[in-house]
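The values are calculated or read from the model by the stated rules, or taken from the named source; none is laboratory data. Computed from a prediction, not measured in an experiment: that's the story for all the values here. Reconstructed Cβ throughout: ideal geometry from the backbone, glycine too, with neighbour counts over all protein chains shown. The protein model used for the area step is the full one, side chains on, heavy atoms only, and it has no ligands, DNA or RNA in it. Shrake-Rupley method; radii C 1.70, N 1.55, O 1.52, S 1.80 Å.
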Amino acid sequence: MTNVTMTVNGQKVSGSVEGRTLLVQFLRDTLGLTGTHVGCDTSQCGACTIHLDGKSVKACSLLAVQAEGAEITTIEGLAEGDVLHPVQAAFKEHHGLQCGFCTPGMIMAATDMIRRHPEGLDEGTVREELEGNICRCTGYHNIVKAIMAASEAVKTGSTKAA
Amino acid sequence: MYDVNYHRAGSLEEALKLFKAAEDGKFIAGGQTLIPAMKTRLAAPSDLVDLRHIADLKAISVSGKTVTIGAGVTHAEVAASADIAAACPALCHLAGLIGDPQVRHMGTIGGSLANNDPAADYPAAMLALAATIITSTREIAAEDFFTGLFETALEEDEIITAVRFDAPEKAGYAKFPNPASRYAMAGVFVAVDGGAVRVAVTGAGDDGVFRSAELEAALAAEFSASALEAVAVPADDLMTDIHASAEYRAGLVVAMAKRAVAMATS
Ligand SMILES: Cc1cc2nc3c(=O)[nH]c(=O)nc-3n(C[C@H](O)[C@H](O)[C@H](O)COP(=O)(O)OP(=O)(O)OC[C@H]3O[C@@H](n4cnc5c(N)ncnc54)[C@H](O)[C@@H]3O)c2cc1C
Ligand code: FES
Ligand code: FES
């Protein structure tokens, strides 16, 4: 066992892990942050998407020890108190979820996507950029709508970016 | 996954030392191939030596025609590099087609080349650009580097530090991705430099990435997509798997070559 320390959602946290402990296990089992989901064994579904030093990555494909010293943001770190993050608000407004299993990963991928495209997002780009996130329920249409609406909201400055 | 001892290296020297001290060590860069392989126990190293924090492996430099990309540069960084785009936009295009944004944020060019997946994208670019793979001990021509399925000329304790190539006059890349995995079912990189045409094919060969003599001859005579109209690539040494037959892949290779040429000439 080794000790790891990292900053998760703005707070410094430590824990004891095995070398093989995945970051997603550390977040869920040690820290109790169960918003980050595990939907596959093959690094393909994106339900585990979080931000590592500001970039979207799959927490199931990264060891906790690899994240030693890093800044992590999970779905739990987006809202400010009771005020939803603009991407969360857009998913609610546009019915971007059904069962909700893929949603945390979708939202973490979307906030990263919006950050990388300050010029705005068209539908084709959003669909391409969602390559790493699988949804079994929605057919994607409302997810795409929600992300485009959130991107517009952030761009026009009516709300703040991630 | 079996348990593993993790070591983070701050320099190339430290990485080599840590590797030497390990019983059955493996280097890890982005982990986008290695961690999934360890989860399924296809790989079970005793020790991991993390290269991701070695600053020397992360540089991109373009001086004159010479492009050098550090082994630790991620796919996302190549895709977004203005310097590389000015020298060889086809390589940025290729990097942007690898996997998905999350994979591109972690995965590195060095890891992709060391792994030499027969359906990976970068090997085709390195072969077509006649790149040099620079390691902790020597320089290896791409031609000699890729030696078979998941096989390279690398020794166990050898670290890729960078790749170097001359910016081509024209280049293009097109791939037909497997709809589920996004790896290439056929990917073709074409490069023209000093009158020579080089065409490398990934995803389709029975023995990994290869240069296509048929496509190179046709394009040397006339560098246009229409010059490939009557060209057939033999299916003999192509791969047959659940996704496609060798004959189907032979057709895909020509189709992707046409798209790559169209990109190079646009
Ligand atoms: C969902 C998914 C989709 C993908 N799609 C594609 C795709 O479309 N096209 C594609 O080409 N790839 C694809 N990949 C693979 C991806 O590009 C990987 O990033 C890449 O193959 C390995 O790079 P890495 O830095 O992650 O290496 P790691 O996984 O860290 O290492 C891979 C191997 O290389 C060795 N290694 C790493 N760095 C070095 C070095 N500097 N010197 C010597 N040895 C080294 C390691 O020991 C290991 O054996 C995909 C991966 C995933 C998970
Ligand atoms: S759990 Fe499916 S990609 Fe991470
Ligand atoms: S809402 Fe059910 S998986 Fe996406």
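Exactly one of (1) open to solvent by 10 Å² or more (accessible area, probe 1.4 Å); (2) touching a residue at least 12 places away in the same chain (Cβ under 8 Å); (3) under 22 Å from residue A:138 (Cβ atoms) is unmet by residue A:79. Its number? Here residue A:79 meets the rest and fails (2). Pairs linking a residue in the stretch A:2-29 that is away from chain B (no Cβ under 14 Å) to a residue that is among the basic types (Lys, Arg) and open to solvent by less than 20 Å² (accessible area, probe 1.4 Å), with Cβ atoms under 8 Å and 6 or more positions apart or on different chains, do not occur.
Selection within the stretch A:82-103: residues that are on the phi < 0 side of the Ramachandran plot and free of Cβ contacts under 8 Å to residues at least 12 places away in the same chain. The member of this set that is least open to solvent (accessible area, probe 1.4 Å) is A:84.
Per-residue answers, yes or no, for (1) loosely packed, with under 13 Cβ neighbours inside 10 Å; (2) over 21 Å from the mean Cα position of the chain (by Cα); (3) hydrophobic (A, V, I, L, M, F, W, C); (4) not in a helix (DSSP H, G or I):
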site: B:215; (1), (2), (3), (4): no, no, yes, no
site: B:218; (1), (2), (3), (4): no, yes, yes, no
site: B:226; (1), (2), (3), (4): yes, yes, no, no
site: B:233; (1), (2), (3), (4): no, yes, yes, yes
site: B:236; (1), (2), (3), (4): yes, yes, no, yes
site: B:244; (1), (2), (3), (4): no, yes, yes, yes
site: B:247; (1), (2), (3), (4): yes, yes, no, no
site: B:254; (1), (2), (3), (4): no, no, yes, no
site: B:258; (1), (2), (3), (4): no, no, no, no
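Take the conditions crowded, with 24+ Cβ neighbours inside 10 Å and more than 16 Å from ligand 1 (Cβ to nearest atom) and apply them to residue A:4. Does it pass? No: the conditions fail for residue A:4.
For residue A:50, the conditions (1) within 15 Å of ligand 2 (Cβ to nearest atom); (2) open to solvent by less than 30 Å² (accessible area, probe 1.4 Å); (3) farther than 18 Å from residue B:100 by Cβ all hold with the exception of (3). Take residue B:86 and tell me if it is assigned to a helix (DSSP H, G or I) and either modelled with pLDDT under 95 or more than 12 Å from every other protein chain (Cβ to nearest Cβ) (or both). So residue B:86 fits the description; yes. In the stretch B:93-113 there is no residue matching the filter, namely being crowded, with 18+ Cβ neighbours inside 10 Å, more than 14 Å from chain A (Cβ to nearest Cβ) and more than 23 Å from residue A:55 (Cβ to Cβ). The strands (runs of 3 or more DSSP E) located wholly in the stretch B:1-63 that include 1 or more residues which are touching a His at 6+ places or on another chain (Cβ under 7 Å) and crowded, with 20+ Cβ neighbours inside 10 Å occupy B:47-50.
Scan the stretch B:13-29 for residues that are in contact with a helix residue (DSSP H, G or I) (Cβ under 6 Å, 6 or more places away or on another chain) and more than 9 Å from chain A (Cβ to nearest Cβ) and the total you get is 2.
Inclusion of residue B:198 among residues that are assigned to a strand (DSSP E or B), open to solvent by less than 70 Å² (accessible area, probe 1.4 Å) and at pLDDT 95 or above is warranted. Just one of the listed residues (B:3, B:47, B:24) is more than 27 Å from residue B:168 (Cβ to Cβ) and touching a Leu at 6+ places or on another chain (Cβ under 8 Å), and it is B:47.
Taking the numbered list (1) assigned to a strand (DSSP E or B); (2) of a type in the set (S, T, N, Q); (3) under 24 Å from residue B:74 (Cβ atoms) in turn, residue A:16 passes all entries but (3).
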